[in-house]
Amino acid sequence: MAEEPTPPPAEEAHETQTKMTEESSEKKKEAMTSNYKYYDIRRSVCTFIVVFLLLAGVTSLIVWLIYRPHKPHFTVVGAAIYELNTTSPPVMSTTMQFTIVTRNPNKRVSIYYDRLSAYVSYRNQAITPPVMLPNLFHEKKSTVALSPILGGGGVAVPVSMEVVNGLVMDEAYGVVGLRLVLMGRLRWKAGAIKTGKYGVVVKCDMLVGFKKGFLGQVPLLGSPECDVDI
């Protein structure tokens, strides 16, 4: 039987080259398909995150517009001075009591107060040490009264001569300008939602009628509304 003719070397090289080209094309197609799948997954994840953030932002905005908490109101309605000793500069001691009425004007939002403290200052210098107050829960559209006693116990506070001389002069005149300061943390509560804690500072500037030697309840000259900073 006659043997089949052996293909020339040139034809074998051509067939090998063709097979390699086809395999390379297949690998490129597979790589491109894999890349497209990866990009599709990444694009889907990014789209989901963007949509989620947009929905969360819109929901938060709607909740805020519905509830939108307003600042609480603080007013000093009473004052008493039981001691005011300025005879030992550069320190002084005093005992004072103030009645503060705080009102929550919100219809849908309650207020929690934490770590409340209070002190009295004169010409921007503290004349009583800070006193810690109990935590306070303020219901919707409600009013709460506080009457903390500040100072007392013979505790001396270092002050400048400006404060001592100013108090002596104001006592002689019969009118003393004081500032009651309350500091703490505040949280809003709307239904089951509670916000994080915000710092709150309340400053109540007032004029009281006071002359040396007179102790006890003192008249407030006006009904001072306090400044509330949250």
> Out of the residues in the range 198-218 that are surrounded by fewer than 12 Cβ atoms within 10 Å (Cβ to Cβ) and over 17 Å from the mean Cα position of the chain (by Cα), which is nearest to Ala79 (Cα to Cα)?
Replying inline: Gly216
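Can you tell which of Ser117, Ser110, Ser93 is among the small types (Gly, Ala, Ser), open to solvent by 10 Å² or more (accessible area, probe 1.4 Å) and under 19 Å from the mean Cα position of the chain (by Cα)? Give the derivation first.
Numbers: Ser110 fails: open to solvent by 10 Å² or more (accessible area, probe 1.4 Å); Ser93 fails: under 19 Å from the mean Cα position of the chain (by Cα).
Of Ser117, Ser110, Ser93, the one residue that is among the small types (Gly, Ala, Ser), open to solvent by 10 Å² or more (accessible area, probe 1.4 Å) and under 19 Å from the mean Cα position of the chain (by Cα) is Ser117.
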> Would a scan of the range 129-146 turn up a residue that is more than 23 Å from His73 (Cα to Cα) and open to solvent by 60 Å² or more (accessible area, probe 1.4 Å)?
Replying inline: no
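If I ask for residues that are assigned to a strand (DSSP E or B) and over 15 Å from Thr195 (Cβ atoms), which ones from the range 104-133 would you list?
Correct list: Arg115, Leu116, Ser117, Ala118, Tyr119, Val120, Ser121, Tyr122, Gln125, Ala126, Val131, Met132.
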>> Cβ-Cβ distance below 7 Å, separation of 6 or more or different chains: which pairs start in the range 102-115 with a residue that is under 23 Å from Pro224 (Cβ atoms) and end on one that is buried (at least 16 other Cβ atoms within 10 Å of the Cβ) and among the small types (Gly, Ala, Ser)?
In response: Tyr113/Gly184
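The values are calculated or read from the model by the stated rules, or taken from the named source; none is laboratory data. Since the structure is predicted, the reported quantities are computational estimates derived from the model, not experimental observations. Quick reminder, even Gly has a Cβ in these numbers, built from the backbone with ideal geometry, and neighbours come from all protein chains shown. Just so you know, the surface numbers come from the protein's heavy atoms only, side chains and all, with ligands and any DNA or RNA stripped out. Shrake-Rupley method; radii C 1.70, N 1.55, O 1.52, S 1.80 Å.
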